[in-house]
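Quick notes on the structure that follows.
The values are calculated or read from the model by the stated rules, or taken from the named source; none is laboratory data. All values derive from a computational prediction rather than experimental measurement. Note: ideal-geometry Cβ built from the backbone for every residue, glycine included; neighbour counts use all protein chains shown.
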Amino acid sequence: MKFKLLAGAALAAVFAASGASAQVAGWYGAVDLGYHLPEGIEADSSNNGANGQAYNWDISQEDDWAGFARLGYQLNEHWRVELEGGYRPGDIESIRGGSTNSILGLCTPGVVRNAAAPNCGSPSGEVEAWTVLGNVIYDILPGSVINPFIGAGIGINHVKVNTVGQFSSIPATPGLVPYPATNPSIQNLTIDDDDTALAWQVLAGLAWRATDRLNVDLTYRYLGGSDLDFASVGSHSVQPGVFSGEYRDQSVTLGLRYSFAPPPPP
């Protein structure tokens, strides 16, 4: 009899502990900081080059920090929804294309290259991305101290590209001296434009329950979306026009998530 009573008491204690650690429905707020690794924008130009084909260049961005702010609602133990705002900055690393391009890409502006100094360098500038997404998240083990979660989101991505670079080479004008005044050998291209497009993301991570109200989130995000358009302006005869391409990015962040709902009763 004593054994049955002790077993029953232990089982009741287990259920009580499980119920105390369960997620409570209600609002929460969160902030995340971390690192992002842009995959770049593979962009095609609206105008053709001297070879009759559009320019196909990769606008590569350096890895940099990323920040997010979230306001969410815990629907039940497993499901929550949230509105997320994100910011991903980064300097331009390179703007280059393959050998099929009539001009391979952009170099550091103002640099005259020759056999003794052939380095192209990188164009100056940066890429900034602001996102607003609605996420749906599923908590896999809501009653555990360590809770894995997965989710997906959809919204918009506003991207600004600001760069100046020098064309790596300029095709000579047929039938004229190699580089007449109307088509000089050194020309620059400026892209200073922004655009907004549909965006989506998938995410996964681990949440550590520090207290009844505070969680520490380790989150991985993969961001994609529809094409963005960026107008370019050449300094002389070469005018690629509008570059169109998709922004893709990966990020890893560590965040604090605080529940505004009262903790569960003991």
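Do the conditions hold for Gly224, that is, is it in contact (Cβ under 8 Å) with a residue 60 or more places away in the chain, under 17 Å from Ala43 (Cβ atoms), in a strand (DSSP E or B) and within 26 Å of the chain's Cα centre (by Cα)?
no
Condition (residue is over 15 Å from the mean Cα position of the chain (by Cα), modelled with pLDDT under 95 and not in a strand (DSSP E or B)) applied to the range 186-193: is it met by at least one residue? Yes, because at least one residue in the range 186-193 is over 15 Å from the mean Cα position of the chain (by Cα), modelled with pLDDT under 95 and not in a strand (DSSP E or B). For the range 227-243, residues that are surrounded by fewer than 18 Cβ atoms within 10 Å (Cβ to Cβ) and either free of Cβ contacts under 8 Å to residues at least 40 places away in the same chain or of a type in the set (S, T, N, Q) (or both) total 5. Within the range 62-88, the set of residues being surrounded by 18 or more Cβ atoms within 10 Å (Cβ to Cβ) and not small (Gly, Ala, Ser) comprises Phe68, Arg70, Gln74, Arg80, Glu82, Glu84, Arg88. Among the residues of the range 120-133, write down those that are within 15 Å of the chain's Cα centre (by Cα) and of a type in the set (Gly, Ala, Ser). Within the range 120-133, just Ala129 meets the criteria. In the range 201-208, is there at least one residue being touching a strand residue (DSSP E or B) at 6+ places or on another chain (Cβ under 8 Å) and farther than 30 Å from Pro263 by Cα? Within the range 201-208, one or more residues are touching a strand residue (DSSP E or B) at 6+ places or on another chain (Cβ under 8 Å) and farther than 30 Å from Pro263 by Cα. The single condition among (1) more than 27 Å from the chain's Cα centre (by Cα); (2) in a strand (DSSP E or B); (3) among the hydrophobic types (A, V, I, L, M, F, W, C) that Val112 does not meet is (2). Among the residues of the range 63-83, those identified as of a type outside the set (A, V, I, L, M, F, W, C) and either touching a strand residue (DSSP E or B) at 6+ places or on another chain (Cβ under 9 Å) or in a strand (DSSP E or B) (or both) are Asp63, Asp64, Gly67, Arg70, Gly72, Tyr73, Gln74, Glu77, His78, Arg80, Glu82.
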